[in-house]
Amino acid sequence: MIKTITAADLHALTGKASQAPRLRANLNVHESLDAAVQRLFIATEPGTYMRPHRHPEAHKWEFFMVLQGQLDLLIFDDAGNLTQRIIMSPGATPAVEIPPNTWHAYVCMQSGTIGLEVKQGAYVPTPEHDFAPWSPAENTEAVADFLAWMQQAQPE
C-alpha cells in the first residue's frame, strides 16, 4: 500500500506543534518503534529546546532534511564548544547526514518549520549519558539562557 503525506497533513502537523508544550510534533511514517529504519516528519516552532545529544552506536547516523522554514544545526565537540553551525532551509542547505557519535542539536529559527528525519532503528529513547553533560536538562531553569545562547552562537 502506498503511503501519502499531503500538504494538509503537514499543515495540521505545524498547528499541532504550535499548540504543544514542547513546541514540536512528529508524524511517523514507519509502522512501529521497532522498524529498522525510522522515518518521521517533525514540525518545530521557535522556542523549542532540542538538547544536544549524540547517537554513539556505529550504525546510528541521522539524515535530516528541511522541507519548509529554517533550522540551524549545531555541532559540538566533547567539551561543548560549538564547532559548526549549518543554516538549514530549502533555499540554503536543505539536507545533512550526521555521522554516529556526533554531538548535535537543532535550533528552530522560523515558525512553521518542517523537517524529515531518517535514521536506523529501532527507536530507543536517548539515555541520559547520550545527552551532552554540559547542556541543561529539559524543563530546568537553565534552559532559557542556554537556548538564547544556541540561537545566536557562532563556531569558535
Computed on Cα atoms, Rg of the stretch 85-156 relative to 2.2 N^0.38 Å comes out at 1.25
Lys/Arg +1, Asp/Glu -1 at C-beta; the chain dipole; positive extreme among 103, 88, 68: 68
Given (1) 2, 8, 16, 20, 19, 13, 7, 5, 4, 3, 2, 1, 0, 0; (2) 2, 9, 17, 18, 14, 10, 7, 5, 4, 4, 4, 3, 2, 1, 0, 0; (3) 2, 9, 17, 22, 23, 16, 7, 2, 1, 0, the label whose value is P(r) over Cα pairs in 5 Å bins from 0, in percent derived from this model: (3)
With charges set only on the Cβ (+1 for Lys and Arg, -1 for Asp and Glu), what does the dipole of the stretch 1-137 come to about its Cα centre, in debye to the nearest 20? 300 debye
Once neighbouring chains are kept in place and the probe is 1.4 Å, which whole percent of the accessible area of the stretch 54-140 is contributed by carbon and sulfur? 53 percent
Starting at the first residue of the stretch 138-152, write each ³J(HN,Hα) from the Karplus equation 6.51 cos²θ - 1.76 cosθ + 1.60 with θ = phi - 60°, in whole Hz, x for Gly and Pro. 4, 6, 10, 4, 6, 4, 4, 5, 5, 5, 4, 5, 4, 5, 10
Measuring from a point 7 Å past the Cα of residue 149 along Cα-to-C-beta, which residues in the stretch 70-97 have an amide N at less than 19 Å? 72-86
How high is the FRET efficiency between residue 97 and residue 29 when r is their beta carbon distance and R₀ equals 25 Å, given to the nearest 0.05? 0.90
Most mobile of 33, 82, 74 per a Gaussian network model of the chain (Cα springs, under 10 Å)? 33
Just how far, in whole angstrom, is the stretch 46-96 from the stretch 101-142 if you go by their alpha carbon centroids? 9 Å
What ranking, highest mean first, results for peptides 93-101, 21-29, 37-45 when packing means the other Cβ atoms within 10 Å averaged over each residue? 37-45, 21-29, 93-101
For the chain, the per residue accessible area (1.4 Å probe, Å²) is 53 Å²
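The values are calculated or read from the model by the stated rules, or taken from the named source; none is laboratory data. In this text, all values refer to a predicted model and were calculated from it rather than measured experimentally. We place every Cβ from the backbone using ideal geometry, glycine too, and count neighbours over all the protein chains shown. The area values use the complete protein model at the heavy-atom level, side chains included, leaving out ligands, DNA and RNA. Shrake-Rupley method; radii C 1.70, N 1.55, O 1.52, S 1.80 Å.
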